[in-house]
Amino acid sequence: MTEHLHLAGVATASKPTRLHALRLAFARWIATAFKRWQRNRLISTMQGFDDRVLADIGVKRGEIAQAVDGILNDDRKAKELEIDNARLARSEEQLQAAA
């Protein structure tokens with residue numbers, strides 16, 4: 001009977017626990033809330049600019065939200081690209097080390 005319990009314990013240990021799932025969900029919620037706050041803050045800041053400043057950066061007042069979304073999406077894509085490049089560099093280093 002102890003073998004069965006031991007095996008059951010091993011099988012459940014490899015599965016994500018409910019607590020782990022809750023932590024991941026909470027982390028996603030925090031990240032989403034932060035991104036929303038960041039977006040709203042940037043929109044608010046840009047709405048405070050006068051029309052001349054907006055024209056200097058090439059944005060019309062009615063396009064502020066779209067411009068902010070583009071800026072944030074480009075920033076996120078750049079970060080993803082940095083991560084991908086770092087992974088590629090590590091893979092190349094590993095291949096060279098193995099050769």
Could you check how many residues of the range 16-69 are assigned to a helix (DSSP H, G or I), more than 17 Å from the chain's Cα centre (by Cα) and charged (D, E, K, R)?
7
Pull up the range 50-99, narrow it to residues that are out of contact with any helix residue (DSSP H, G or I) (no Cβ under 9 Å at 6 or more places or on another chain) and of a type in the set (Lys, Arg), then point me to the one that is surrounded by the fewest Cβ atoms within 10 Å (Cβ to Cβ).
52
Give the number of residues within the range 16-54 that are more than 18 Å from residue 71 (Cα to Cα) and β-branched (Val, Ile, Thr).
2
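Which of the residues belonging to the range 70-90 are more than 13 Å from the chain's Cα centre (by Cα) and among the small types (Gly, Ala, Ser)? Walk me through it before giving the result.
Going residue by residue through the range 70-90, those that are more than 13 Å from the chain's Cα centre (by Cα) are 70-71, 84-90.
Selection gives 70, 86, 89.
All of the numbers you see were taken from the coordinates with simple rules; none came from a lab. Note that the structure is predicted; figures quoted are calculated from it, not measured. Here the Cβ is made from the backbone with ideal geometry for all residues, glycine too, and neighbour counts use every protein chain on show.
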